[in-house]
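Input: a single structure, listed below in structure tokens.
The values are calculated or read from the model by the stated rules, or taken from the named source; none is laboratory data. As the structure is a prediction and not an experimental result, all values here were calculated from the model. In this analysis, Cβ positions are derived from the backbone assuming ideal geometry, glycine residues included, and neighbour counts consider all displayed protein chains. Remember, those area values only see protein heavy atoms, side chains included, never the ligands or the DNA or RNA. Shrake-Rupley method; radii C 1.70, N 1.55, O 1.52, S 1.80 Å.
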Amino acid sequence: MAKAKHLLVCDCEGTMTLDPEALRKAAGAETVRKTTALCMGDMDVAAKALSGDGPVLIACGQQARLFAELGADIAQTAGVSADLLTIDIRDRAGWTSDKNATAKQAALLAEGLLDHPATPVKDVISSGTCLILGDSAVVLDAARRLCDALAVTCILTDTPDDLVPSPDFDVALGRLKSASGTLGHFSVVVDGYAPLSPAGRGGAGFARAKDGAKSACDILIDLTGASALFPAPEKREGYLRAAPSDAVALEKLLFEAATLTGTFEKPIYIRYDASLCAHSRASQQGCTRCLDVCPTGAILPMGDTVRIDPDVCAGCGACAAVCPSGAAAYDDPPVAFLFARLRTLASTYRGAGGTGARALFHDPEFGTELIALSARFGRGLPADVIPIAVANVEGIGHAECIAALGAGFSEALILSGPHTDPSALGPQTELAAAIVAGAGHDASRIRVIDPRDPDALEAALYGTAHAPLVLSPILPIGGRRDVTRLAATALSGGETPVIALPHGAPYGAIAINSDACTMCLACVSLCPVGALGDNADRPEVNFREAACLQCGICESTCPENAITLVPQLDLSKEALSTRVLNTEDPFDCIECGRPFGVRSTIEKIVEKLSGNHWMYTNSDNTKLVQMCDDCRIRAQYHSENSPFKLGEKPKTRTADDYS
């Protein structure tokens, strides 16, 4: 829904202040109706709107399901299908101790009307094959409870005394050696594998154990109580684990396991373009940022690039946040949609009379609940704090933070949760803060807050606001690097400073020690993004700073160790153009005069060889070094000791020789 025709707002029994006309303008609606109990006594107002013509926007999130069911009933009985959208402006804006939150309410309505891009998905099929690992005391009971819903196999770590074979599930002894995969296609290798024999009388027997037994399953349940089999186990779909002594966790696990059958749609979170990846060139390692931050191990090196396993990827977005080239880009939704949200929120907030809005990025689970609890039982969010729900706050990088300030927010705050991984978030906010400080503003305009209860959330937000930024808001369009540069320029007030950045930043220059450089141009040939270039007419190393990712391939490639990375953000126009880092005069061939090679290198070689090597003593061989390729070949061919000579051609015999 791009635009609502009818807007319904409710002050929830007089518990919040509303300005219906201002909200109508923000939503672009033709009509607006204010009520006080839309979900109860004023339900007829909602029914009438849903029975009419045009899209309906109801500014209520709590009762979204109720209004959806009402719309479905009306469509079934009256044959009128209503286009309905519900947006919460109560918990996120209306319930606050501040007097006026109209500007924030308007901004949230405008943002909610943006068309959300479709998320690419793939099908994951689980037929219910389940493997349970652990001690027999807990594993066998779990198997009995799951065997009606799943095809269960138990791998026991102990040998029970009174085990009776069951036709409902399989049992074996063994030790898990390795496991890989995710929901629908786990692969396991078991040592000491000994299946239970169903035959015989008396105590159950097991077959002879063997190592390296391989199998596959759809669901992997770990009740060993040992360390997790995978990194970030809570993000590995289909892998369930609980401590054997935790009865509550076991009940939750068994319920979840029974639901993991069928066909599921899994979002393809990351769009990867290998042609942009700067991981490696010619076995010289470059950028490893995504590999360093991926919590699930979904990213693996693959030659000059990397491979992202979409099945293992849990969609945290950290790789996209740190990727300097855009090779890994978040696609659920794309970063361009987040930039559009920031622009819409900031511009609508200003248009409704607000100043100094603060952006609060939060996840849809912990963050949303914390905000709702604060709204219902505490002071709620300040009127200038606009909550922005994102799939994972780990996916908020320096570009998103700087873009928020460039769009007109006075601060960019990130609400960390209990399961937030700081490995990517910390360095990214430090980088954003360095850019803000280098542009002449307080670095604390970018910060991570870590409250665990509503009181702590309110303490972190009330009385801590910075003054509004004075700048011309940018239009954040383009890639993350482009938007960062544009926003940083706006923050600097039109100045073009060179901002020093921390080590590992994806922006910067390179410095070449001209005394050590031999102009071999190895750095140019391996630069993955074309930031380094040469000159066809003379020995020269050119550089375009705006393209440099600081991947380090040039530094590790240089045989003379003449290159040093300089992390910085140059906001001047010169960073967009090519400049010469090092150049030398070519050497003129002593035969034809054609320039070739590097003068200093040729002269150095001649100096070292003359009189110091038997091939270049008492001979003219040093002249060969001073010749271009063509002249050198001709000189060697016509020399007295030419290796190409086959001896003097025999004299042709004629009839006179026999007369």
Of the residues that make up the stretch 313-325, is at least one under 23 Å from the mean Cα position of the chain (by Cα) and within 30 Å of Asp135 (Cβ to Cβ)? yes
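When the residues of the stretch 445-468 are filtered to those that are part of a loop (DSSP other than H, G, I, E, B) and charged (D, E, K, R), which remaining residue is least open to solvent (accessible area, probe 1.4 Å)?
Going residue by residue through the stretch 445-468, those that are part of a loop (DSSP other than H, G, I, E, B) are 450-453, 462-468.
In the following step, the residues that additionally are charged (D, E, K, R) were identified as 450, 452-453.
On the way: Asp450: 93, Arg452: 113, Asp453: 65 Å².
Filtering first and then ranking leaves Asp453.
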Filter result (within 21 Å of Pro244 (Cβ to Cβ), touching a residue at least 40 places away in the same chain (Cβ under 8 Å), open to solvent by 40 Å² or more (accessible area, probe 1.4 Å) and not basic (Lys, Arg)) within the stretch 121-148: Asp135, Ala137
Every listed condition ((1) farther than 30 Å from Arg599 by Cβ; (2) without any contact (Cβ under 8 Å) to a residue 40 or more places away in the chain; (3) open to solvent by less than 20 Å² (accessible area, probe 1.4 Å)) holds for Gly478 save (3)
The condition of being under 14 Å from the mean Cα position of the chain (by Cα) and at pLDDT 95 or above holds, among Leu338, Leu342, only for Leu338
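Pick out the one residue from Ala320, Ala257 that is open to solvent by less than 30 Å² (accessible area, probe 1.4 Å), in contact with a Leu (Cβ under 6 Å, 6 or more places away or on another chain) and outside any loop (DSSP other than H, G, I, E, B). Spell out how you get there, then give the answer.
Values: Ala320 fails: in contact with a Leu (Cβ under 6 Å, 6 or more places away or on another chain).
Answer to the check: Ala257.
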Restricting the stretch 20-47 to residues that are modelled with pLDDT under 95 and acidic (Asp, Glu), which is most open to solvent (accessible area, probe 1.4 Å)? Glu30
Which is under 18 Å from the mean Cα position of the chain (by Cα) and farther than 30 Å from Pro497 by Cβ, of Ala389, Ala424, Ala399? Ala389
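Among Thr102, Thr153, Thr182, which is modelled with pLDDT of 95 or more, over 30 Å from the mean Cα position of the chain (by Cα) and either open to solvent by less than 30 Å² (accessible area, probe 1.4 Å) or on the phi > 0 side of the Ramachandran plot (or both)? Spell out how you get there, then give the answer.
Numbers: Thr153 fails: either open to solvent by less than 30 Å² (accessible area, probe 1.4 Å) or on the phi > 0 side of the Ramachandran plot (or both); Thr182 fails: over 30 Å from the mean Cα position of the chain (by Cα).
That would be Thr102, the only listed residue that is modelled with pLDDT of 95 or more, over 30 Å from the mean Cα position of the chain (by Cα) and either open to solvent by less than 30 Å² (accessible area, probe 1.4 Å) or on the phi > 0 side of the Ramachandran plot (or both).
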Take the stretch 377-407 and flag every residue that is open to solvent by less than 10 Å² (accessible area, probe 1.4 Å) and part of a strand (DSSP E or B). Val385, Ile386, Pro387, Ile388
Is the stretch 308-317 home to any residue that is in contact with a Cys (Cβ under 7 Å, 6 or more places away or on another chain) and open to solvent by less than 20 Å² (accessible area, probe 1.4 Å)? no
Per the list (1) modelled with pLDDT under 85; (2) surrounded by 13 or more Cβ atoms within 10 Å (Cβ to Cβ); (3) not β-branched (Val, Ile, Thr), residue check on Lys608 breaks on (2)
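Results for (1) in contact (Cβ under 8 Å) with a residue 40 or more places away in the chain; (2) outside any helix (DSSP H, G or I); (3) more than 22 Å from Phe230 (Cβ to Cβ); (4) in contact with a His (Cβ under 7 Å, 6 or more places away or on another chain), shown as yes or no for each residue.
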{"residue": "Cys287", "(1), (2), (3), (4)": "yes, yes, yes, yes"}
{"residue": "Leu291", "(1), (2), (3), (4)": "no, no, no, no"}
{"residue": "Pro295", "(1), (2), (3), (4)": "yes, yes, no, no"}
{"residue": "Cys313", "(1), (2), (3), (4)": "yes, yes, no, no"}
{"residue": "Ala336", "(1), (2), (3), (4)": "yes, no, yes, no"}
{"residue": "Ala340", "(1), (2), (3), (4)": "yes, no, yes, no"}
{"residue": "Arg343", "(1), (2), (3), (4)": "yes, no, yes, no"}
Filter the stretch 363-375 for residues that are open to solvent by 10 Å² or more (accessible area, probe 1.4 Å) and out of contact with any helix residue (DSSP H, G or I) (no Cβ under 7 Å at 6 or more places or on another chain) and give the result. Pro364, Glu365, Phe366, Thr368, Glu369
Asp442 fails exactly one of the following numbered conditions: (1) surrounded by 14 or more Cβ atoms within 10 Å (Cβ to Cβ); (2) in contact (Cβ under 8 Å) with a residue 12 or more places away in the chain. What is the number of that condition? (1)
